[in-house]
Amino acid sequence: MLRDIGIVIRKELLDLSRDRRTLRSMAGILLGMPLVYVVLIGVLLSQMKENMERTVQAGVVGCVHAQSICDFLRENRVDVTALEKVDTGLISNRKLDVIMHLPDDYESALLDFRRPKIGLWYDEVEDKSSSAIKRMGLLLERWQIGLGYRRAILRGVDPATLKPLQIEASSIKPEKGFSYGWVQLFMSSLLMSCFLGTYHLAVDSVAGEKERNTLESLMQTATPRTAFMLGKWLSLSLVGSLALLTSALMFKLLVEAKPLQNFLGMASELSWDFIGKSLLICIPLILMTTSLQFMIGTLSRSVKEAQTYASLLSIVGILPASFANVLEKMPNAQWFPSLGQTLTMLRLGKEQPVNWLACLVASGATLLVAGIFLLVVYRAFHNEKLFRSGT
């Protein structure tokens, strides 16, 4: 039996090595997906940083009554345009990022120690306008604090009494640590490789053999059908494991590459300890995923049908990583297949305590589900209806 299984594995791997189109597709997914993830999040973060540092286009109504605050804004990268009235169409047309309205009695209100009301208009849908309103809020807060200091000095009061506390925040993570965003992207990349790394091979393994009318002739050989089934599944699991390892190494290479770090303007490090533990945690997921895809390929009547079902399940498979922050708030999620592994990797990446018992239970449940899928495939392989295609 073991010899027969080994022969089937070699046959499947040989067929895969000859299928250049499938190999190119797998390489594109495994090598391209981490690159897309890393560059995409880096570009988004760079745009956010650029929006926070760029010159804000602000229209100010009543600037003639408050030259001091307008001069302060100009000194802090705000291009002030004097307006006669509030015209929100200038924001909608993207000619201005934000509009500020100063009352006519602004200066007199300050002299009388009253609080003048300042109005701000912006477009929350537009990214530049949203970042501009945050900048304007911070600048006005700084102006307000400075004004309060000056008032305190004029009244002979120590300005420090206005802010009796000195607050200093220090991160416990190293400067080149792995942030939550990168951890989530790493998990998404691993889960993507689990579901898409063997996608084409699993679909072609049985459904493709049916369409080519070669499955029945293979089953007529002296090799037991159980050996065929296990050999095909183990070859899928082997390819899936290699895909998982390739995806993890590619992600580490990308996030630590100096040219890419310089381009993104950020530095990160992915420890080998975290990679090793994550790969071990994902092994049950690989076995379950390949069992599920193998079952789909076996029960489907055509390659197109198998591709449809496998594509939908691949999308569902990466959802746990996408909603990891939601799963953290669900205490019982750590005991379920796939969810438990996702939360364990998330906590490892964030250097938080890990419930290894829950991870073991989730892994055991994952293997149990894989066994159920294989049992369905076993029964299908011993049923003559397996050879019917397109019916």
Seminar exercise, completed: Output for Cβ contacts, cut-off 7 Å, separation at least six or different chains, first residue farther than 11 Å from S291 by Cβ and of a type in the set (F, W, Y) in segment 367-389, second open to solvent by 90 Å² or more (accessible area, probe 1.4 Å) and at pLDDT below 75, reads F387/E216
Exercise. On the given criteria, is R54 modelled with pLDDT of 75 or more and open to solvent by 40 Å² or more (accessible area, probe 1.4 Å)?
Worked result: no
Exercise. Quick one: is R142 at pLDDT below 80 and over 30 Å from the mean Cα position of the chain (by Cα)?
Worked result: no
Exercise. Among the numbered criteria (1) surrounded by fewer than 16 Cβ atoms within 10 Å (Cβ to Cβ); (2) without any contact (Cβ under 8 Å) to a residue 40 or more places away in the chain, which single criterion is violated by L313?
Worked result: (2)
Problem set entry | Members of segment 294-310 that are open to solvent by less than 50 Å² (accessible area, probe 1.4 Å) and in a helix (DSSP H, G or I) | F294, M295, I296, G297, T298, V303, E305, A306, A310
For this session: Counting only residues that are more than 20 Å from L35 (Cβ to Cβ) and modelled with pLDDT of 85 or more, give me the helices (runs of 4 or more DSSP H) lying completely in segment 192-293 with at least 1 of them.
Result: 225-255
Exercise. For segment 374-388, how many residues meet the condition of being at pLDDT 85 or above and either open to solvent by less than 40 Å² (accessible area, probe 1.4 Å) or aliphatic (A, V, I, L, M) (or both)?
Worked result: 4
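The values are calculated or read from the model by the stated rules, or taken from the named source; none is laboratory data. From a predicted model like this one, the values you see are computed outputs, not experimental measurements. Neighbour counts run over all protein chains shown; Cβ positions are idealised from the backbone, glycine included. What goes into the accessible areas is simple: the full protein's heavy atoms, side chains included, and nothing from ligands, DNA or RNA. Shrake-Rupley method; radii C 1.70, N 1.55, O 1.52, S 1.80 Å.
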